[in-house]
Each structure stands twice: as structure tokens, then as C-alpha cells.
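I have placed the structure first, in the form of C-alpha cells, so that the comments after it can refer back to it.
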Amino acid sequence: MRPQSAIVRAMAAPARSVSATLKRYRMLIGGEWREAAAGETFESVDPFTGRPWAAVPRAGPADVDAAVRAARDAFDSGPWRRTTGVERARLMRRLAGLIEEEASRIAVVESTDNGKLIREMEGQLRGLADYYHYFAGAADKIGGETVPADRPNFFIYTLREPVGVVGAITPWNSPVLLMSWKLAPALAAGCTFVVKPAEQAPASTLEFAALVERAGFPPGVFNVVTGFGEDAGAALVAHPGVDKLAFTGSTAVGRLVMRGAADHLARVSLELGGKSPHIVFADADLEAAANGVVAGIFAASGQTCMAGSRLFVEEPVHDEFVERLAARASEIRLGDPLEAATEMGPLAFREHRDGVEARVSRAVSEGARLVTGGGRPDGDSLRDGFFVSPTIFADVAPEMDIAREEVFGPVLAVQRFAGEEDVVRRANDTPYGLAAGVWTRDVQRAHRMARDLRAGTVWVNAYRAVGPMAPFGGFGASGMGRENGLAVLDEYTELKTVWIELTGASRDPFKL
């Protein structure tokens, strides 16, 4: 039985309703809630039931143009341009308070939309306020510096100014969190914002937009267009009114974003895919390491860019550790993501499940040893959902597809290793470089590994820890730029240098 608290929360969205009446959403553009200009809509499908639950406007280029123009006007001539850092911080703190009030309700919407566990989504939403408080604290502290001049008649200083209109394209796995990694620093810097959420899970972003409106941000500062990549996403990337593009998603689409931005030389930051190594040394606390590995790959059904999908286990403990993992994976409770007892939900949409299953089949055909999982779970209650059982492969060769390419599902590829030099070489043998995890009791080894691994984030005796204060991003095919931490403010500001001549003197430019 679903706990009473979950039942109450679920009333905010028709999560398990079989009614033909779908919840209907509109987009926020320039402070107005609108249908798509062409009048088209699309359905958002609940991945647990496999049935549509919401109808969302399908934006096209005309809608994107309206949203960018609204953001442009708000930045160039609206009240936002004259808003001080202190005032921006007040609005951001007010928004943080509304997020805390509405976290449970929006978490139900997000879980209904993408199938992730309600406890994870609610935890994310409740923690989201911290990001706005953190960057609100920076909003009135963004400034330049004085520069020592090389001549006595000049005073030189720098200014930090907002980059302008930000176009953001966000993924379906954690829509509001990953949008906030962009929005919070953008607001602190004084930018305006247009976001296109993934078509598979757009509803929570629209719910969030209502909070921005309630917080009192001027019209046009925050805009949402919902639609598909080929029309709305491509139009946002190519729009000459966008000064910066911030994208989270696959490496393949990230390359398209870069190409589209190049024509008008928009700035680009990309948080892309990963094939992150998770490394367990023989001296590790194996129980703690097993918990970390399970969380790193099976939490969120493996649908996270930082998933620890390549597991390297030192030879002396390999067999014992794989057995331990297999026993834990076989006990993971799959089910309704709105049930508090569920430990793993479905994948976000049907086509994605089919793609994960194809990767599993290829791993079998290439000779990897299937330890557990590998198919769809049994049970009438799971039949309609887009489930894949927790899957572990052992005896994985480095050249296998499952060891090279991102699966983005609950599939773990295990390899043996013999010593630090061996595992560092193999862990770095990838075009990706988003994250890595190391389990060891040896503090000197921990620091050596953190130094030698090519990854934007390295966790030691932990995994999947993030926060507003800590920069996050990748090397190589995992992207460019950073999100979170004070370093991200450089992504949303321009540096201006000012030279002031102090004496009033001038000279003939043609006389030495």
C-alpha cells in the first residue's frame, strides 16, 4: 500500500489516474502563459504505467523567437537591467523559500514524468533551495579589480557584467536540478534565461516556472518553451539573440549545440556523457564500497551522467566483491516510483529502454559474462512500465562496447585489475572524463589516484556527492566549462577593462 503522505502528494498530478482527461500545461513567455503559436501539443507519458498523463505545448521556431525576444527585452531595456545584486539576491531567496514550500508537490510531478524515485526527487527538490541561497550570497559580490598601470596618468580597472541572454537545454533525468545548476548563477550574474526542457519530462520545469513568477521576477527574466529538439531546441541554439548556451545531455547532441552556436559565436558550456570508472582496491572497506557501487550505478536506474558504470576491482577481492554485488542487485526492489519502499523505478521512456536492452544484447554477443539481470523483471505490477532489471556483467574486456560507450541505464561492466599503474591506465583509456570513484583505506594512494585520474570530479570512499559549492564538469568528451561553485560565475559574466586618463593631457598621435 502506498503511504498516506504519498497519496496526498500524488493528488497534485494525475499520476495513476486512467482518466482520459490529461493535465494541460502552458508555456511561460514574457510573463504570459501561452499555448504554442501553431496550436500543437504533445503528450508526456508516465514511465511506470506507460500511459500519457499530461498535454504540453509543442513549441516551434516562432515560440522560441518570442521567448528570446522577451529575454532580450528584459535584459536590454527592462527593469532587470537596473536591478542591483542586492535586489537580485532578495528575489532569489524568495524563490528558494517557495521551492521549499512546494518541493513535495513538484517532486510528484517530476517522478510521474520521468519515473525516478519519489524519495530521490523530493530530496533533490528540498535541497534545491540551497543552490539559490548559495548564489544569492554571491549576487552582490560579483565585481572587478583595479589593475596596476604601467604609466602614472592612467587608472585601470575591470568590471564583471552579465553575459546577456542564456539559452538552456536540459535533460529528462533531473530536469529542475540540472536547470538550476544553470539558472541560479545566471540570475546572480544578472542574465535573463530561456529554457527548453527535454520533451520526455517537461512538466516539472513548467511547475517551477510558476514559482519564479510568484517570487516576483520581472516578466521575461525567465521563460520556458517546451518542444522537441529538432524544432524548439535547434531554434534556440541557432537564435542570434542568445549570448550563451548551457546544455546538459549526450555528447552527440552537445556537438550539435556547438555547431549551432558557432554561427553567431555564442558562448557554450556543455555537461555531457560519461563512462566513469569506479575503482575498488583490496584494502577497501568492502561493505561500504559495495554500497557505493550499488548507489553509483543502480540509483536513478543508472540514468545519470556520473553513473559509475565501469567497475574495476583489484584481483585479490574480485570474485568475492562481484558475488556481494550480485546478491545486493538481485534484492533491489523494483516498483512504483511513488512508493516509498521502491528502490529502483523504470527507465524514463520506451525508446530508451529499448536502447539499453540492445546494449545488453551486444554485451552478451561480445562474450561478457552475465552475472545477474539482463532482462525485464517479472511481475504483473511491472508489466506496463519501462523496466530493466539491475544488470551486472563480469569478464568484460576493455574493447567491448559495454566498456567503452555510455549505456545510461542500470548496467554495470566489471573488470579485474592488478595494481595502481594498471588501473590508472585502463581507467583513463576513454574519451570521457566526467567522474571517478576510488575506494581504499590508504590515504597516500587516495591522493595519488585523485591526481592521476583524468576526471572532473574524483570521489574517495564516496560516490555521487554534489553541492552548490563544488564545481562540476568534465574533461574531453564529457564537456567543457563548469557548473556550481564560484567558478561558474565566469561562465555567466563578461570581463570589461576600463582605462581612465587622469591628467587631461593629449598628444599628437603622429609625433613620437
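Quick rundown of the values:
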| quantity | calculated |
| --- | --- |
| Per residue, in Å², the accessible surface of the chain once ligands and nucleic acids are set aside, probe 1.4 Å | 41 Å² |
| Debye, to nearest 20: dipole size of region 285-375, +1 on Lys, Arg Cβ, -1 on Asp, Glu Cβ | 380 debye |
| Normalised contact order of region 58-138, rounded percent, pairs of Cα under 8 Å and 6 or more residues apart | 32 percent |
| Global form of region 410-466, assessed from the alpha-carbon gyration tensor, a/c cut-off 1.5 | rounded |
| Test item: Cα-centred dipole of the chain, Lys/Arg +1 and Asp/Glu -1 on Cβ, debye | 1060 debye |
| Relative contact order (%) - the chain, alpha-carbon pairs under 8 angstrom, separation at least six | 18 percent |
| With every protein chain in place, region 189-332: carbon and sulfur % of accessible area (1.4 Å) | 55 percent |
| Ranking by accessible area, most exposed first, for Arg255, Arg24 with a 1.4 Å probe | Arg24, Arg255 |
| Angle between the chain longest axis and helix 175-189 axis [Cα atoms, degrees, rounded to 10] | 20 degrees |
| Ordering of 69-75, 299-305, 261-267 by packing [mean C-beta count within 10 Å, highest first] | 299-305, 69-75, 261-267 |
| DSSP-defined beta bridges in the chain - what % are antiparallel, rounded to 5 | 40 percent |
| Most positive-pole-ward Cα, Ala210, Gly229, Val268, against dipole of region 192-311 from beta carbon charges | Val268 |
| Percent antiparallel among DSSP beta bridges (both partners in region 391-512, rounded to 5) | 30 percent |
| Dipole of the chain, positive direction: furthest Cα of Ala435, Ala201, Pro398, with charges on the beta-carbon | Ala201 |
| Pairs from Lys116/Lys244; Lys141/Lys196; Lys196/Lys244 whose Cα-Cα separation, in the structure shown, is over 23 Å | Lys116/Lys244; Lys141/Lys196 |
| Angle between the chain longest axis and helix 61-76 axis [Cα atoms, degrees, rounded to 10] | 50 degrees |
| Estimated vicinal HN-Hα couplings, Hz - region 238-243 in sequence order (Karplus 6.51, -1.76, 1.60; Gly, Pro = x) | 8, 5, x, x, 9, 8 |
| Carbon plus sulfur fraction of accessible area for region 23-140, probe 1.4 Å, in percent | 46 percent |
| Dipole magnitude of region 321-475, debye to nearest 20 (Cβ charges: Lys/Arg +1, Asp/Glu -1, about Cα centre) | 480 debye |
| Relative contact order of region 6-162, pairs being alpha-carbon contacts under 8 Å that are 6 or more residues apart, as % | 20 percent |
| Net charge, Arg24 excluded, C-beta distance under 11 Å - Lys, Arg +1, Asp, Glu -1 | 0 |
| Between 0 and 90°, nearest 10: helix 118-139 axis offset from the chain longest Cα axis | 20 degrees |
| Ranked by how many other beta carbons lie within 10 Å on average, peptides 415-428, 48-61, 146-159 from highest | 48-61, 415-428, 146-159 |
| Antiparallel content of DSSP bridges confined to region 103-206, in %, to 5 | 25 percent |
| Estimated 222 nm signal from helices in the chain, with DSSP H stretches of n ≥ 4 weighted -39500 (n - 2.57), rounded to 500 | -11500 deg cm²/dmol |
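The values are calculated or read from the model by the stated rules, or taken from the named source; none is laboratory data. Because the structure is a prediction, the values reported are computed rather than measured. When we count neighbours, we look across all protein chains shown, and the Cβ atoms used for this are built from the backbone with ideal geometry, even at glycine. The accessibility values were calculated without ligands, DNA or RNA, using every heavy atom of the protein model including side chains. Shrake-Rupley method; radii C 1.70, N 1.55, O 1.52, S 1.80 Å.
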